[in-house]
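Participant: I'd like to ask you about the structure that follows.
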Amino acid sequence: MKRQAKKVLEEEAALCCCEYMNRHGQRSHVAACCCDCEDLDDACDRWEIEPQKPESLSQVAAVVTDRIRVPWLWGGARKVDLSIIPPLLLLPALLHLAALHFLIGMVVLTALPGLVLWYYYFTHRKKGRTLFFLSLALFSLAYMYYLFITEVFPRGDVGLLQLVLVSVGVVLTLLALFHTKRDPGILRPNEESVHSKVAYYSSPTGRNPSLSGGRQDVTMTVANRAGVSEHVEEEMKESNRKNWCQACRMVRPPRAGHCRICGVCVLRLDHHCVWINSCVGQANHRSFLLTLVLFLLTSLYGISLVLQSVCPRQNLLFALLYCPGVYNQYSTALCFTCAWYSSIVTGGLLHLLAIQLINVSCNVTEREARIALREKTARSAYWGLVVNTGAYSRGFRGNWSEFMSMGDKVIPPSPTDLV
């Protein structure tokens, strides 16, 4: 086994920048992306004879996805996720189309959020990971900044200091996003408990013991240890059953949760955010809020500068609704359309930030709020914006103090603590 792994590593190390190992473990080249595709040939041959089955079409899609590569200096050509391509093509095309006429702009700017929401619910139902939303978020930020430099700044209404402030905001937002994506606080099984002969928890009823890696669960009684009552012991066993994760095969700490999209357990799991393609948990929750705040401040400031440039005679609060003559020139129409697009994105993120701030103030995560509402064990107010379970709340100041001072890792309880 070690020889095979060593052989694979040596082959990958010997790959040139345009070579790669395909999904069958065979050496291939980027230039041969359209050659020897038996799956595609069979599908084309049967196209006129019989309707294609979903399995054959998915097999063709897997072949195409495996062959789309970009040359890379280390380890051969890298695979390109196809979900990042649509935002790169559709966003500029739709924004330029919307700048042709205000009626076309109304249709495009109304349909675009609807399409994004439809794709979100479509992927969320399948519980699959996708880079579409992260690609859309990053490309939207980059494209708006590009238009700000090439279309707004040359008009002369924006000074150099204002350009520097927008640039600093974009850089800080990207740095905060990079820090947010590092690690949400993933729980990994304790090696000592995995290889121990005694597990201080019981697997769920009806679970095959062989799935626990050969461990045998031992129930501690009052006579065996420090005089714990049977009632406390039953509560401990029930808590362990409730916190047992069948996928990760371990007992989760309180407030931890399993993400079905990432396939891991995360400390103090809040939710899986598709816009960063990662979970938001104990280790990155604060940086996630910082990313939202930095993006919103940069976006609001940039929108105000754009509106001052294309609608100088209008009040900023009403310039988006009424800006006469903005469609007389295509350049000003494009800037005005991008300001509208940025305003729609900013409005959605303001709603997300408001929910996050309310949840932190009540010391409840988004996951806990959904579970409590489903089980009808929480109080909700203001059309569901405020959900208070009352389980962990320590008051407004106490909740924020706990949130700002919580560590990145939680030390699992020792066996003596469980007794």
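Every number in this text was worked out from the coordinates using simple rules, so none of it is lab data. The structure displayed is predicted, hence computed values, not measured ones. Using ideal geometry, Cβ is built from the backbone for each residue, glycine included, and neighbour counts are taken over all protein chains shown.
Participant: I'd like to compare 336-348, 378-390, 174-186: which one has the highest average count of other Cβ atoms within 10 Å, and what's the full order after that?
Facilitator: 336-348, 174-186, 378-390
Participant: Right, next: Which trypsin sites (Lys or Arg not before Pro) does the stretch 76-150 hold that lie in a coil by DSSP with at most 12 other beta carbons within 10 Å?
Facilitator: Hits after loop and neighbour filter: Lys127.
Participant: Compare the peptides 279-292, 350-363 by average per-residue count of other Cβ atoms within 10 angstrom and give them in order, highest first.
Facilitator: Highest mean packing first, the order is 279-292, 350-363.
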